[in-house]
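Student: Once you've had a glance at the structure underneath, I'll fire off some questions.
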Amino acid sequence: MKEENKEVQGEMMKFGVNTIPAARLAICRTDYSKYVGDLLDICFGLETLSESVLKCSKNRTSKTHVLDEGTINDIMAHVMEKFQPICIGMVRGAIRQKLNTCHKSKQRNGM
């Protein structure tokens with residue numbers, strides 16, 4: 001409990017090249033998959049997420065780009081530490097779900 005208060009008072013958390021105030025993380029939702037989505041929004045933004053993929057494949061189009069691996073690894077490590085019985089596969093699934101949602105939203109809204 002004291003550790004959480006310490007985070008909220010002004011520490012910074014680093015995710016790849018992004019540095020985020022811990023107070024901003026405190027307002028993220030408490031479900032791990034929603035927390036992952038909130039972190040991705042903060043680190044990358046919706047526009048970038050709607051045009052990105054988690055891993056590169058041979059069938060990749062020129063309009064998509066791969067999310068920064070360092071930032072993704074930091075987010076996965078942070079989420080697995082915060083929500084202890086969560087495994088890496090569950091976090092990757094939450095990231096993919098967020099990317100798919102952003103992509104579908106962009107297609108629907110005609111951005």
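Student: Whose amide H sits under 5 Å from the amide H of Ser52, counting only residues 5 or more places off or on another chain, with H placed in the peptide plane?
Tutor: Here the answer is His65, since their amide H atoms fall under 5 Å of that of Ser52.
Student: Taking amide hydrogens as modeled 1.01 Å from N in the peptide plane, which residues meet the under 5 Å criterion relative to Met13, leaving out close sequence neighbours?
Tutor: Excluding prolines and chain starts, which carry no amide H, the hits are Ile20, Ala22.
Student: Put +1 on the Cβ of every Lys and Arg and -1 on every Asp and Glu Cβ in segment 12-109; which of Gly16, Thr64, Ile75 then has its Cα farthest towards the positive end of the dipole?
Tutor: Towards the positive end, the residue furthest out is Thr64.
Student: In addition: For Cα pairs less than 8 Å apart in space and 6+ apart in sequence, what is the mean separation divided by the residue count of segment 12-109, i.e. the relative contact order in percent?
Tutor: Values: 97 pairs, mean separation 33.1, N = 98.
For segment 12-109, the relative contact order is 34 percent.
Student: Show Asp38, Asp31 ordered by accessible area, largest first, where the area counts protein heavy atoms only and the probe is 1.4 Å. All intermediate terms of the calculation are to be shown ahead of the outcome.
Tutor: Values: Asp38 25, Asp31 70 Å².
Output order, biggest surface exposure first: Asp31, Asp38.
The values are calculated or read from the model by the stated rules, or taken from the named source; none is laboratory data. The structure displayed is predicted, hence computed values, not measured ones. Ideal geometry is used to build each Cβ from the backbone, glycine not excepted, and the neighbour counts take in all protein chains shown. Side chains are part of the model used for accessible areas, which takes the heavy atoms of the whole protein and leaves out ligands, DNA and RNA. Shrake-Rupley method; radii C 1.70, N 1.55, O 1.52, S 1.80 Å.
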